[in-house]
Amino acid sequence: MNKNSSNMMALAPNTSNKRETVCIFGTGDFGRALGYKMLQAGYPVVYGSRSRQTSSLIPKDAEVLSHTEAAQKAAIIIIAIQRQHYNFLTPLAEVLHGKVLVDISNNLKLNQYPESNAEYLAQLVPGAKVVKAFNTVSAWALQSGTLDASRQVFVCGDDMEAKQMVMDIVRAVGLTPLDQGSLLAAQEIENYPLQLFPMWKFPILLSLGLVTFFFFYCLTRDVIYTYIYEKKNFSFFIAISIPNRICPILALTLLSLVYLPGVLAAIIQLYRGTKYRRFPDWLDKWMLCRKQLGLVALAFAFLHAVYTLIIPIRSFVRWRISSQTISQALNNKTEPLDITNAWISDSYLALGILGFFLFVLLGITSLPSVSNSVNWREFRFVQSKLGYLTLILCTAHTLVYGGKWFLSPSSYRWYLPSAYMLSLIVPCIVLVVKFVLIFPCLDKPLTRIRQGWERNPQYSE
């Protein structure tokens, strides 16, 4: 009776300035790093260890005791050990009764066990209040202080008071707690650190696939074809010329794929007459990774800009210019300036510069530090209105660059059009459909649907 009442008093909200003692089971890298941060935040820390010998690695202001003695001195106990070593907690069940046990463990692979580590801990010590937290923060980040990229801490548990106490500790050490609900969310929280760039997987795989396709496509047209039919060895195109064709193609294609799912979603909503039905799973996943698609597209645009800047210093370009100069000198004839070609050249360069500028602006606005400083209307204006303007400028840049070759038979080698013609397919489709959707006869019902109107109300659930 006295023991339970003392535990309840320990769990009561702390009204004084003095922070409650926190116990950490485990003196590994993470346990030491977290203990050091908690000492800095003003928490007394006691370590529970198999060996009571103090190591030089343990924070000097922390006390090292046996597991039983350490658990008796604190109401909150952080379990900084792996799941396979949890069995030692079973004999401590009476001491741990009513305590808050914070499970911070991770696994080696997704869904390694039928239940989460936190749920397993709750089964081993049924009288304790188990909370899952801190598993998304690395020991290195805690030690070095570089927490900007991993400041969020997911917290879940069945006891609200215990969970609030843990979230107070999270805030005290300079992190941001995110309440994920009951302990049932622990499995998802434990899987999170094991996911390797989950939102980047589709954009990266798609980019690699497109790079491979267009590389072999350009290799076939520009190197193999010229070697077979013209007996010219242009194999050095692989280093600069072909990458400088692939990069703008990928940048334009991926940028158009950022806005294509929005167009498809509008068509689906118009067809269904409601916004209260889920989109297909493939479209949902596509829309969730639009930011990543745009950033990959921006990376290819940067590469294109760099490749373009080094064109004048290429040996092939300098040879071609000198050959033309010598040819004019030998023929005693100077080619007059073609005003039409000059206008075309300057126009596509100007369109490319403006498109690239807006492209960079879109990328900057997508950064959390920037997007958090603007309201939703401003963010939507940049990402939607300026985004479509960027797509128009980049598409126009490509069209002006090679529009005159569309009807030229010499541009089709082995009946294959130039690669840049293929890059215009998706952006032109997106722009044409978007242009149709802004007609009042379609835009007004679409706006009403997105405001909650339904053509067939029985679909709303």
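Residue by residue through the stretch 408-452, note down the ones that are touching a helix residue (DSSP H, G or I) at 6+ places or on another chain (Cβ under 8 Å) and free of Cβ contacts under 8 Å to residues at least 24 places away in the same chain. Across the stretch 408-452, the qualifying residues are S411, P417, M421, V436, D443.
Just checking, which of D168, D179, D148, D158 is among the acidic types (D, E) and at pLDDT below 85?
Values: D168 fails: at pLDDT below 85; D179 fails: at pLDDT below 85; D158 fails: at pLDDT below 85.
Among D168, D179, D148, D158, only D148 is among the acidic types (D, E) and at pLDDT below 85.
Considering the stretch 413-440, and only residues there that are more than 28 Å from the chain's Cα centre (by Cα) and in a loop (DSSP other than H, G, I, E, B), the residue that is surrounded by the most Cβ atoms within 10 Å (Cβ to Cβ) turns out to be S418.
Do any helices (runs of 4 or more DSSP H) entirely within the stretch 335-412 hold 2 or more residues that are within 19 Å of I425 (Cβ to Cβ) and hydrophobic (A, V, I, L, M, F, W, C), and if so, which?
By residue number, 387-402.
Note on the stretch 229-243: residues that are surrounded by 11 or more Cβ atoms within 10 Å (Cβ to Cβ) and part of a helix (DSSP H, G or I) amount to 7.
Being touching a residue at least 60 places away in the same chain (Cβ under 8 Å) and within 19 Å of G31 (Cα to Cα) is a condition met by no residue of the stretch 145-163.
Restricting S55, S51, S66, S16 to those that are more than 20 Å from V137 (Cα to Cα), of a type in the set (S, T, Y), surrounded by fewer than 17 Cβ atoms within 10 Å (Cβ to Cβ) and modelled with pLDDT of 85 or more reduces the list to S66. If the condition is being closer than 18 Å to F435 by Cβ and among the small types (G, A, S), then the stretch 241-289 contributes S256, G262, A265, A266. For the stretch 84-93, the count of residues that are crowded, with 17+ Cβ neighbours inside 10 Å, within 27 Å of the chain's Cα centre (by Cα), at pLDDT 90 or above and aliphatic (A, V, I, L, M) is zero. In the stretch 176-192, which residues are under 24 Å from the mean Cα position of the chain (by Cα), in a helix (DSSP H, G or I) and touching a residue at least 24 places away in the same chain (Cβ under 8 Å)? The answer is A185, A186, Q187, I189, E190, N191, Y192.
Based on this model, can you work out whether R380 counts as exposed (fewer than 15 other Cβ atoms within 10 Å of the Cβ), basic (K, R) and either at pLDDT 85 or above or farther than 30 Å from A239 by Cα (or both)? Spelling it out, R380 is indeed exposed (fewer than 15 other Cβ atoms within 10 Å of the Cβ), basic (K, R) and either at pLDDT 85 or above or farther than 30 Å from A239 by Cα (or both). In the stretch 289-301, the residues that are open to solvent by 30 Å² or more (accessible area, probe 1.4 Å) reach residues that are in a helix (DSSP H, G or I) with C-beta atoms within less than 6 angstrom, at least six apart or across chains, in these pairs: R290/V258; F300/C247; F300/L250; F300/A251.
So how many residues does the stretch 94-107 have that are open to solvent by 50 Å² or more (accessible area, probe 1.4 Å) and either free of Cβ contacts under 8 Å to residues at least 40 places away in the same chain or within 19 Å of R32 (Cα to Cα) (or both)? Count: 1.
The values are calculated or read from the model by the stated rules, or taken from the named source; none is laboratory data. Here the structure is a predicted model, which means the values were calculated and not measured. Don't worry about glycine lacking a Cβ; one is built from the backbone with ideal geometry, like all the others, and counts go over all protein chains shown. The protein model used for the area step is the full one, side chains on, heavy atoms only, and it has no ligands, DNA or RNA in it. Shrake-Rupley method; radii C 1.70, N 1.55, O 1.52, S 1.80 Å.
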